[in-house]
Every structure is written in structure tokens, then in C-alpha cells.
Amino acid sequence: MERTVKSILIVEDEAIIALEIELALRQLGYRVVGKAANGDKALDLLASTNPDLVLLDIDIKGTLNGVDLARIIRSNYHFPFVFLTALSDRATLNSLRDTLPYGYIVKPFNESDLYTTIEIALDKFKAEHQPSFPSREALNSQLPEPLSEREYEVLRHIDEGYAYREIADRLFVSVNTIKHHQKSLFAKMQLHSRHQVSHYLRNLDSSI
């Protein structure tokens, strides 16, 4: 099971920069659902594309700038945004804080910074809006046979949608070891698939 490809909307009024961002995002494995060069076009795309994240230039031309759009996103939509800016001085960044962005990318950018900032923003947004994951003690209180600490770690990564290789890399073990832990925790939870795991965790007794 591979992670779902994340969709991104680009709001940038400089065509060359917008194209560079689009190419970089595609190279990094993201799906670009649209590009907007002004606020009005951005509003249309926000409503029609429902992206996982918006890359938002603060200085777009028109009646609405990036800060205006950020406030609209905060008030009316359920996805994070990251500011694109050519300015990285403290005064500029401080002036943007009240919009509560999930990150900043300073132009010119490189792919590594782009990827890191986007992934941190997506993870932060997910952590803020998903139900809290049950503790191992609380989860084990519902099971006939308790999960080990490592099985619990694997379970958390499974619930977050990571593939075998990604979990193995994060926990510094082999893919076969992850498969073994998954088989064991599935048996203890009396489940047979990742989908069943997700459903089980979402429907745990609220008392825990």
C-alpha cells in the first residue's frame, strides 16, 4: 500500500516561477491540480479543486493578495497553505504570522526545501485535525493479547498510510521484519487488512 499522492494548488503570478514550481512538484511526486496568477482565479480553483495544500505567493497582483487569500482559506476551507516569498527578513515574516501559515518557502527555492516544507506542513495539519491516536496501554486494554512496543509503532505507521519500505526506513529494520510485526498485530487485533485496522481505530470505545 503506497501513500496517497497529495494534490497541490499553486498561486503565483510570475509564470516562469509558477512553471518551475510545477515541474519541481511533479518531480517530487505531487499532483498539481491548478495554477492561479491572481486572486480571482485562485478563489475559483480553491472551490473547484479542494487541494491537500496551497502554495501561496504573498505578493500576487490584483484586488486580493496572498495574505487576503490566506485569511479566506483559514475561514472557509479545510486545507493548509504555505507562503511563497522573496523576502525572508524578520519584519516580513512577523507580519504574516497572524494568518497562521503552515510554513514559508523563500524564493529562489530548491527541491529539498520545497519537499521538506510541504511534508512538514501536511504532517502538522494532519496532526491538528485527526483524532488522537490511542496510547498503547489504552489499546491493549481492549485486546485479549497485548501489542508489543514495536508492534504498536508499526501500527501507528500503518494507520498513517506508510508502505512497508517507508516504515522499515523509519524504524531502521528490514521490510520482512515489518511484515512479521504486521502479521502479528493483525492476529492479536483479529483483523485481516489495513482497511480493517483503520476502521477499528476510528471506532474504538470512546471511553479509552
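Values in this text are rule-based calculations from the coordinates and carry no lab data. In this text, all values refer to a predicted model and were calculated from it rather than measured experimentally. Don't worry about glycine lacking a Cβ; one is built from the backbone with ideal geometry, like all the others, and counts go over all protein chains shown.
Listing for the model above:
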read-out: Crossing angle, helix 66-76 versus the chain [Cα axis fit, 0-90 degrees, rounded to tens]; value: 40
read-out: Residues whose placed amide H lies under 5 Å from that of residue 64, excluding near-sequence neighbours; value: 39, 40
read-out: Spatially proximal aspartates and glutamates relative to residue 6 (Cα-Cα < 14 Å; intrachain offsets below 8 disregarded); value: 22, 52, 119, 123, 160
read-out: Relative contact order (percent, whole number), the chain, Cα cutoff 8 Å, 6+ residue spacing; value: 16
read-out: Between the range 96-144 and the range 16-54, the alpha-carbon center distance in angstrom; value: 20
read-out: Lysine pairs with alpha-carbon atoms under 25 Å apart, the range 17-166, spacing 8 or more or separate chains; value: 8
read-out: Amide H partners (placed H, <5 Å) of residue 36, local residues excluded; value: 10, 11, 12
read-out: Helix 39-49 axis, angle to the chain major axis (alpha carbon atoms, nearest 10°); value: 20
read-out: Overall dimensions of the chain by Cα: Rg and Dmax, Å; value: 20.4, 62
read-out: Mean Cβ count within 10 Å, highest first, over the residues of peptides 158-164, 65-71, 43-49; value: 65-71, 158-164, 43-49
read-out: Sum of side-chain charges, residue 21 neighbourhood, beta-carbon under 14 Å (Lys, Arg +1; Asp, Glu -1); value: -4
read-out: Hull shadow area, averaged, the range 7-129 [alpha-carbon convex hull, nm²]; value: 6.8
read-out: Area projected by the alpha carbon convex hull of the range 136-202, averaged over all directions, nm²; value: 4.0
